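The structure appears below as structure tokens.
The values are calculated or read from the model by the stated rules, or taken from the named source; none is laboratory data. Nothing here was measured: the structure is a model prediction, and the numbers come from that model. Cβ placement follows ideal geometry from the backbone for every residue including glycine, while neighbour counts extend to all protein chains displayed. For the accessible areas, the whole protein counts, side chains as well, though only heavy atoms, and no ligand, DNA or RNA atoms are used. Shrake-Rupley method; radii C 1.70, N 1.55, O 1.52, S 1.80 Å.
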Amino acid sequence: MAVTNGNGTKVEEQDESEIVLSVRDVTVAIDDKLILDKLSLDIKRGEILGFVGASGAGKSVLLRTILGLLRKQSGTIKLFGVNVDKASDIERLRIDMRLGVLFQHGALFSALTVQENVQVPMREYLDLPKKLMDELALLKIELVGLPPDAAQKFPSELSGGMIKRAALARALALDPDIVFLDEPTSGLDPISAAEFDELVVKLRDTMDLTVYMVTHDLDTLFTACDHVAVLGKKKVLVEGTIDDMLKSEEPWVKSYFRGKRARQLDLAARA
Ligand SMILES: Nc1ncnc2c1ncn2[C@@H]1O[C@H](COP(=O)(O)OP(=O)(O)O)[C@@H](O)[C@H]1O
Ligand SMILES: [Mg+2]
């Protein structure tokens, strides 16, 4: 919405209800080592945000901080308009139920079947009869494009692509409003990775999901993400559309998006 400020110039005013996640001036240090320094980032409803940055830059640390698993030294995090530091226990629980997470490591519990894995969040937050949970889990399994017989399989019996889909089914178990995916396609072959990206876009379109995706995958950034944020120097260095990234003169962004690998991708896309 465009409004006019006191100086008579038009400014874009963000509709608060459309901002699912707002991170303001967040500082995180681990063992006295500064990892994030007054970092700010917003994600709008229905957006697929691609969050990139060098390995070890702090992408997973930010994610864990947003999820409340790591303590921040200062700054504000709002989820669905609620300042998480001021949320009551019940408010925090309501927020947690609206978040789905696919962590970078340890995607599934190896001793549980796919169906039992998908039911973990249901058992944690809901009190449902087993039959209903079984039906709900099967729905989620179908939603992510797995065959029904995958439900009774253990992670060791699945391909890498199927494991990621099963982990996504678990992240979707409670019908979240936003899902956090930490490098979901790393380790997948390019075809499985592209299929996973397609699935994420389809779910966003059909479920009104917001997606926060940490990724190293240039293909993903080009095909699936509406918005890109680059982590560097302990904060968001640059953010915008892929076009903005391609125009950026920031050295890391330039070498990442216009380096040798990026050019190869571009050539492959034209072939
Ligand atoms: N639990 C931890 N204890 C100590 N240092 C950590 C911990 N988690 C992350 N770090 C450090 O924080 C920095 C950022 O890590 P991380 O967020 O995992 O990077 P990435 O951007 O690759 O996800 C790294 O220097 C890492 O060593
Ligand atoms: Mg990481």
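Structural remarks
- Residues in segment 67-99 that are in a strand (DSSP E or B) and over 13 Å from the mean Cα position of the chain (by Cα): SER74, GLY75, THR76, ILE77, LYS78, LEU79, VAL82, ASN83.
Here is a yes/no grid of residues against (1) surrounded by 15 or more Cβ atoms within 10 Å (Cβ to Cβ); (2) among the aliphatic types (A, V, I, L, M):
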| site | (1), (2) |
| --- | --- |
| ASP32 | no, no |
| LEU41 | yes, yes |
| LYS44 | yes, no |
| VAL52 | yes, yes |
| LEU62 | yes, yes |
| LYS72 | yes, no |
| ILE77 | yes, yes |
| VAL84 | yes, yes |
| ASP89 | no, no |
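- Just one of the listed residues (PHE51, PHE80) is closer than 24 Å to MET97 by Cβ and near ligand 1 (Cβ under 10 Å from one of its atoms), namely PHE51.
- Restricting segment 202-223 to residues that are within 12 Å of the chain's Cα centre (by Cα) and not in a strand (DSSP E or B), the residue that is nearest to ligand 1 (Cβ to nearest atom): THR215
- Any hit, segment 115-134, residues being hydrophobic (A, V, I, L, M, F, W, C) and within 16 Å of ligand 2 (Cβ to nearest atom): no
- Search result, residues across segment 27-66 that are more than 22 Å from ASP217 (Cβ to Cβ) and assigned to a loop (DSSP other than H, G, I, E, B): ASP31, ASP32, ARG45
- Residue in segment 111-128 that is crowded, with 16+ Cβ neighbours inside 10 Å and within 16 Å of ligand 1 (Cβ to nearest atom) present: no
- PHE103 within 19 Å of the chain's Cα centre (by Cα) and open to solvent by 40 Å² or more (accessible area, probe 1.4 Å): yes
- Of the listed requirements (1) part of a helix (DSSP H, G or I); (2) modelled with pLDDT of 95 or more, VAL179 misses just one: (1).
- Just so you know, in segment 215-271 the residues that are among the acidic types (Asp, Glu) and modelled with pLDDT under 90 include one that is farthest from LEU102 (Cα to Cα), and it is ASP266.
- Among all positions in segment 215-228, there is at least one residue which is crowded, with 22+ Cβ neighbours inside 10 Å, hydroxyl-bearing (Ser, Thr, Tyr) and touching a residue at least 24 places away in the same chain (Cβ under 8 Å).
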